[in-house]
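Have a look at the structure below before the remarks.
No lab work stands behind these numbers, since they all come straight from the coordinates. Given the structure is predicted, the values throughout are model-derived calculations rather than measurements. When we count neighbours, we look across all protein chains shown, and the Cβ atoms used for this are built from the backbone with ideal geometry, even at glycine.
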Amino acid sequence: MEFGEVPTAQAMGAILAHSIALPQGRLRKGMTLGADDIAALFAAGIMAVTVARLGADDVHEDAAAQTVARALVPDPAAAGLELRIMGTGRVNFVATRAGIAALTVSQIHALNVVHPMITLATVPPWQRVAVGDMVATVKIISYGVPGDAVAQACGVGAALAVRGVVRPRVALVQTMLGAEDGVKGQRVTQARVARLGGTLAPLHLVPHQIDALAQALAALSVDVILILTASATSDAADTAPAALAAAGGRLIHFGMPVDPGNLLFLGDLAGVPVIGLPGCAKSPALNGADFVLERMMCGLDVTPADIAVMGVGGLLTEIPTRPKPRESAQSLA
């Protein structure tokens, strides 16, 4: 691609690099200059303009963006995405269903090193998205790029999708010590489940006892089970994990490197995923349980290894209503 200032008389058919205000109207950057445009420039006394002119092997920014976008998402309906052509070398990918962003990170990195003028920006992997949210954008930075670079970028293949909910039926079992009514926990959890299009079973409230909780768990018929105890789970042998075992289930993992959310545990009950919620899940604020619940509702089997890598980016905004574990009067020497 050729780029630079040329006499206006030589600018016919070139791409205008910078917008120009005229006495009557405006010539916008990115437009291809025609005869009427050249005449308007002369009439305004503009004798030189900065333009870009594509070479024989170059692809225009709009065509390049659309070609790369289609390669990244060859079947938009199946991927839960709409490809929106924005012009100026940009195509946006917008979610057509609620779910989580399923990104093949290695392929996205591979695309972004093909050519500095071909770029793809996305939300973080597994981020929750609603219908209408933008998940990614392809942007061609220059007015044109070499055709072989476009072909190489397309060779990366399909790399973007929104993974929708496949486990929509969720139950929350809460334990009580004293006069708790479980209403707040039910309401907050209902909102979490509903924003992904799931449904929450009616309120399950039982005494904070192994046998009572085990009986409640064994009686459920849902896709995902959540446990919120009146007293936080502080050990793998505590009330909730013990009740899960008594109901015929198993503990898979306890603890996570996300704060708030450290006291979460994972389990399984006859093939149904079980999440022991940390106490911070009573707040609508983002916490580690959100990361796990959203993935499980969308059909991912979260493993201890998955939880282990959540620590990077796992320091979340503090919840105002809980104690202040991050505040200390002492400095570690």
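Seen from all sides and averaged, what is the projected area of the convex hull of the Cα atoms in the chain, in nm²?
Taking the Cα atoms of the chain, their convex hull projects to 24.3 nm² on average.
Residue separation times 0.36 nm, minus the C-alpha to C-alpha distance between residue 56 and residue 283: what's the value?
Extending this stretch completely gives an extra 75.8 nm.
If eta is 0.890 mPa s and T is 25 °C, what Stokes-Einstein diffusion coefficient results for region 58-164, Kirkwood Rh from Cα pairs, in µm²/s?
184 µm²/s
Normalising by the residue count of region 27-142, find the relative contact order in percent from Cα pairs under 8 Å and 6+ residues apart. Walk me through the numbers on the way to the answer.
Values: 153 pairs, mean separation 28.6, N = 116.
It rounds to 25 percent for region 27-142.
I need to check one value: relative contact order of region 159-239, counting alpha carbon pairs closer than 8 Å and at least 6 residues apart, in percent.
It comes to 43 percent, rounded to a whole number.
Taking K and R as +1 and D and E as -1, what net charge do the other residues with C-beta under 9 Å from the C-beta of residue 147 add up to?
My count for the surroundings of residue 147 gives -3.
Along each of its three principal axes, how wide is the spread of alpha-carbon positions in region 169-311, in whole angstrom units, largest first?
For region 169-311, the Cα extents along the three principal axes come out at 36, 29, 26 Å.
Counting each DSSP H run of 4 or more residues in the chain as -39500 (n - 2.57), what helix-only mean residue ellipticity at 222 nm follows after dividing by all residues, to the nearest 500 deg cm²/dmol?
Rounded to the nearest 500, the figure is -7000 deg cm²/dmol.
Between residue 85 and residue 36, 0.36 nm times their residue separation minus their Cα-Cα distance comes to what?
Length gained, residue 85 through residue 36: 14.9 nm.
Under a point spin-label approximation (7 Å from Cα along Cα-to-Cβ), what is the residue 46-residue 317 distance to one decimal in nm?
4.5 nm
Projected onto the charge dipole of region 123-210 (+1 at Lys/Arg Cβ, -1 at Asp/Glu Cβ, origin at the Cα centre), which of 146, 174, 197 gives the Cα projection farthest towards the positive end?
174
Over the chain, what is the relative contact order in percent, taking alpha-carbon pairs closer than 8 angstrom and at least six residues apart?
Here the relative contact order equals 13 percent.
Run the count for the chain, please: Lys pairs, Cα-Cα under 25 angstrom, 8 or more apart or on different chains. Before the final figure, lay out each step's value.
Numbers: 29/139; 184/282; 184/324; 282/324.
Qualifying lysine pairs in the chain: 4.
Between beta-carbons, use under 15 Å as the cut-off and find the net charge around residue 243, counting Lys and Arg +1, Asp and Glu -1.
-3
How large is the charge dipole for region 58-164, taken about the Cα centre, if only the Cβ atoms of Lys, Arg (+1) and Asp, Glu (-1) carry charge, to the nearest 20 debye? Each step should come with its number before you reach the end.
On the way: 7 positive and 7 negative charges, 77 e Å.
That gives a dipole near 360 debye.
In debye, nearest 20, what is the charge dipole magnitude of the chain about its Cα centre with +1 on Lys and Arg Cβ and -1 on Asp and Glu Cβ, if you could check?
My answer is approximately 600 debye.
Tell me, 42, 265 in order of fewest to most beta-carbon neighbours within 10 Å?
42, 265
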